[in-house]
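The values are calculated or read from the model by the stated rules, or taken from the named source; none is laboratory data. These numbers come from a predicted model, not from an experiment. Positions of Cβ are generated from backbone atoms using ideal geometry, with glycine treated the same way; all protein chains shown enter the neighbour counts.
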Amino acid sequence: RIIAVLDVSSDSFLPPSHTLGMVKMMSQSVENRLILDQFRDSHFQLIFNTGLNNLDSQWAGLLIFDESGRILCANRRADNLLGARLAGVNIETLFKCPILQLLSETEARPFALHAFGNNRFQCLLKRPTRKPLRLHSVQPVQAPAVPRSLGLEAISLGDAKVEKAVLQAQRLLEKDIPLLIHGETGVGKEVFVKALHQASSRASQPLIAVNCAAIPAELVEAELFGYERGAFTGANQKGSIGLIRKADKGTLFLDEVGDMPMPVQARLLRVLQERCVQPLGSSELYPVDIRLISATNRSLREQVLAGNFRQDLYYRISGLSIELPPLRERTDQHALIQRIWERHREPQQRAGFSREVLELFERHPWPGNLRQLNSVIQVALALADEQPISSEHLPEDFLLDASKNEECREPAKAHDPARLASTEDLSQLFQAAGGNISQLAKRLGVSRNTLYKRLREQRIV
């Protein structure tokens, strides 16, 4: 069944480069309108995206669900953001948030949700416009307090590389010098930028974060530079000032800048040179005053050599380059663990970590860096309640990774299946050891993680 026909006509041989992006934006606008017309009167809406500043964009994810959490409909952007076909799925299986807590969120006030897989989204909840559905058992849930942004001095906990980065950034606070932050995914680049913004004289002005890898390539121009009213059919009737102009007088943070399409790089270079923005479909130039901070997990020098990143733009955004080290190389791991534990624990949770877990954390390579450490500690605190955190409270995927890492360290004899005994014998040995995994692992000549993995495989624990 045909819903609509989109016609792209031009008096030129080829339409402008941004035309396909406009068509895609228009098709998403039509899709969203059809979904809302059918469901918004009687069902809940969850609008979500990777950043707070683009929740009103056509390419925000849209979920329609009932009071039990069952998803009735989702737009294509939601499917892409969460990596699954979502119709019929319960929303509690996607986000780390009970349905009762989700329904208690204040309408039209942004809040954060963590999806399983460690992705974090900014969200808006909208309730049915007619005969709101309510669970009689729903009680208001106090939302957890959002921690204030850490100051630059609080980010440095003793690691020499981090201290150097903080000192350099402090000296650039009030200078019109672009900053380029290098670091693996999850090392805390966004936290660093927020602290830098809060410490500057622009703290009262907006910090606009743009994830260049998350915006579809065809829509980057419209989202960054904005568009005039009537620039294309299906666009916001009021037009859009774009994310760069939203950052005027404040800070513009371009995350994953190495993923920016080449045509957009050329337009961005012009903006940085002229300090003016020209929206799509407009002949007007709008002056902007921004502090530019960029971040990447790639080598932009290699990208330049490969022809994937403009050399002139590279030199424009890299006034000073700062490297944030991965967690496995930081010398302040213990202080970081303590800081994260203090931030997330309940007042009655004072037991801390077992020696076994601290040793495990120290040896782990942490491929997800600080983001992974945060997630592991949050899960462990939830499972441990008021007990000391032990290996049984750690997430399963973390233990599997840790076990593989330990097996690579062990001598060949530790892999001898005979040393791990049969299921019956292993169960008896486990009982004889009083459930002490460390003692039994030492007796069998294997690591605690290898033994724990075998115990779980044989359903002994």
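P279 fulfils the conditions (1) closer than 13 Å to M25 by Cβ; (2) touching a Phe, Trp or Tyr at 6+ places or on another chain (Cβ under 7 Å); (3) buried (at least 21 other Cβ atoms within 10 Å of the Cβ) except for a single criterion, (1). Right, R76: closer than 21 Å to C212 by Cβ and charged (D, E, K, R) or not? So R76 passes the test.
Table: residues versus (1) at pLDDT below 90; (2) surrounded by 20 or more Cβ atoms within 10 Å (Cβ to Cβ); (3) of a type in the set (D, E).
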position: K131; (1), (2), (3): yes, no, no
position: R134; (1), (2), (3): yes, no, no
position: Q168; (1), (2), (3): no, no, no
position: K175; (1), (2), (3): no, no, no
position: A195; (1), (2), (3): no, yes, no
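Screening D11 on (1) at pLDDT below 80; (2) of a type in the set (D, E); (3) in a helix (DSSP H, G or I) shows it passes everything except condition (3). I want to confirm something. Restricting to segment 336-357 and keeping residues that are farther than 21 Å from E392 by Cα and within 23 Å of the chain's Cα centre (by Cα), which single residue is surrounded by the fewest Cβ atoms within 10 Å (Cβ to Cβ)? In this case the residue turns out to be R343.
Could you please find all residues in segment 282-294 being surrounded by fewer than 20 Cβ atoms within 10 Å (Cβ to Cβ) and outside any loop (DSSP other than H, G, I, E, B)? Hits for segment 282-294 are Y286, P287.
Taking segment 27-51 as the range and being aliphatic (A, V, I, L, M) and surrounded by 17 or more Cβ atoms within 10 Å (Cβ to Cβ) as the test, the residues that pass are I35, L36, L46, I47. Step by step: first the residues of segment 369-410, then only those that are surrounded by fewer than 20 Cβ atoms within 10 Å (Cβ to Cβ) and not in a helix (DSSP H, G or I), then the one that is modelled with the lowest pLDDT. Which residue is that? Applying the filter and picking the extreme gives E410. Note on segment 229-264: among residues that are part of a loop (DSSP other than H, G, I, E, B) and modelled with pLDDT of 85 or more, the one that is farthest from Q205 (Cα to Cα) is P261. Being touching a residue at least 40 places away in the same chain (Cβ under 8 Å) and either surrounded by 18 or more Cβ atoms within 10 Å (Cβ to Cβ) or in contact with a strand residue (DSSP E or B) (Cβ under 8 Å, 6 or more places away or on another chain) (or both) is a property that does not hold for L269. A single entry from I99, I64 fulfils the requirement of being in contact with an Asp or Glu (Cβ under 6 Å, 6 or more places away or on another chain) and either surrounded by 15 or more Cβ atoms within 10 Å (Cβ to Cβ) or closer than 14 Å to N32 by Cβ (or both): I99. Residue check: is G226 touching a Pro at 6+ places or on another chain (Cβ under 6 Å) and either of a type in the set (F, W, Y) or crowded, with 18+ Cβ neighbours inside 10 Å (or both)? Taking the combined requirement at face value, the residue satisfies it. Taking each residue of segment 442-461 that is closer than 15 Å to D425 by Cβ and looking for partners that are of a type in the set (F, W, Y) and part of a helix (DSSP H, G or I) with beta-carbon atoms closer than 6 Å, six or more apart or interchain, yields I460/F430. Taking the criterion of being in a helix (DSSP H, G or I), touching a residue at least 24 places away in the same chain (Cβ under 8 Å) and of a type in the set (D, E), the residues of segment 295-342 that qualify are D312, E329. Of F48, F65, all but one fail to be outside the structural domain of L252 (by TED's automatic domain parsing) and more than 18 Å from the chain's Cα centre (by Cα); the exception is F65.
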